[in-house]
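Only one structure is covered here, and it is reproduced in the block below.
The values are calculated or read from the model by the stated rules, or taken from the named source; none is laboratory data. All of these numbers come straight from a predicted model, not from anything done at the bench. For neighbour counting, all protein chains shown are included, and Cβ atoms are generated from backbone atoms with ideal geometry for every residue, glycine included.
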Amino acid sequence: MWNVRQYLLSQWEHTTVPPENAHLQSENDWRHLVLNAGGQHWHIHLSKKTKNGRKTVNYLGRYLKKPPISGSRLAHYTCGATLSFTYLDHRTQTYQQETLSQADMLRRVVQHIPEKHFRMIRYFGFLANRVCGQYLPKVYEALKMATPGPTPKLYFVQMAKSFLNVDPFRCVAVWRADDIHGGNQRADGAGTDPQRSGDRADEVREALTGGRCVRT
């Protein structure tokens, strides 16, 4: 935020004061306005008390700590001139690059700042969180659409097997994971011999330290 304030403070000589801000007669008035606006607190409206305040704070913190554009999306920046950034074009599902001046970039950011006392919501109507469970099935029925079922939970193991083709629970040195625990029941119902697993402890230990795989 400090670099935005510094940029605004340096633009007094190049700024055309609108009629509603005619009280700004000097650079000191301009500095007073910018610095006071930058130090104001935010007022957040919560419709009802949440059960877990820490989760609410963490949720808000993810938005408050992030800049308008993350550093990873900045492709090029020339100090005091222009900046280039990448964005996802949802129409073509491709990444595009755009170059803007600092002033144009600030104008776009300011467009997303709501007016005073304006309450922002994400969903409204039958999609509002408070009533979507009650009215959304009726909308599907009126439109003769199939009601989607609950989304199955996706766990880390499933993602690792699907995207990385790796079983995170399989030992890197032993191909059969059940041999690690010595006699645990496998998913297919077949057990292992504890004595056999214990006899191979030295071989498995050697494989782990030597970096080779042991087929059991």
Fill in: the range 76-124, residues that are farther than 20 Å from GLN6 by Cα, in a loop (DSSP other than H, G, I, E, B) and hydroxyl-bearing (Ser, Thr, Tyr)
THR92, TYR123
Discussion item. With surrounded by 11 or more Cβ atoms within 10 Å (Cβ to Cβ) and modelled with pLDDT of 85 or more as the only criterion, which of THR92, THR86 stands out?
Written reply: THR86
Worksheet item: In the range 53-82, what residues are over 20 Å from the mean Cα position of the chain (by Cα) and among the aromatic types (Phe, Trp, Tyr)?
Response: TYR77
Discussion item. Please go through (1) of a type in the set (D, E, K, R); (2) closer than 28 Å to MET120 by Cα; (3) at pLDDT 75 or above for ASP29 and return the number of the only condition it doesn't satisfy.
Written reply: (2)
Discussion item. If I ask for residues that are in a helix (DSSP H, G or I) and either out of contact with any Ser or Thr (no Cβ under 9 Å at 6 or more places or on another chain) or over 14 Å from GLN11 (Cβ atoms) (or both), which ones from the range 22-38 would you list?
Written reply: GLU27, ASN28, ASP29, ARG31, HIS32, LEU33, VAL34, LEU35, ASN36, ALA37, GLY38
Worksheet item: Got at least one residue in the range 173-186 being within 30 Å of ILE69 (Cβ to Cβ) and at pLDDT below 85?
Response: no
Item to complete: Looking for whichever is over 23 Å from the mean Cα position of the chain (by Cα) and among the hydrophobic types (A, V, I, L, M, F, W, C) here; the options are PHE85, PHE118. Which one fits?
Response: PHE118
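Quick one: which of TYR135, TYR140 is modelled with pLDDT of 85 or more, touching a helix residue (DSSP H, G or I) at 6+ places or on another chain (Cβ under 8 Å), in a helix (DSSP H, G or I) and not small (Gly, Ala, Ser)?
TYR135
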Practice prompt. May I ask you to list pairs of residues, at least six apart or on different chains, whose Cβ atoms are under 7 Å apart, with the first in the range 48-71 being part of a helix (DSSP H, G or I) and the second being surrounded by 10 or more Cβ atoms within 10 Å (Cβ to Cβ)?
Written response: THR56/THR50
Practice prompt. Please work out if VAL4 is modelled with pLDDT of 75 or more, part of a helix (DSSP H, G or I) and either under 28 Å from ILE121 (Cα atoms) or out of contact with any Phe, Trp or Tyr (no Cβ under 6 Å at 6 or more places or on another chain) (or both).
Written response: no
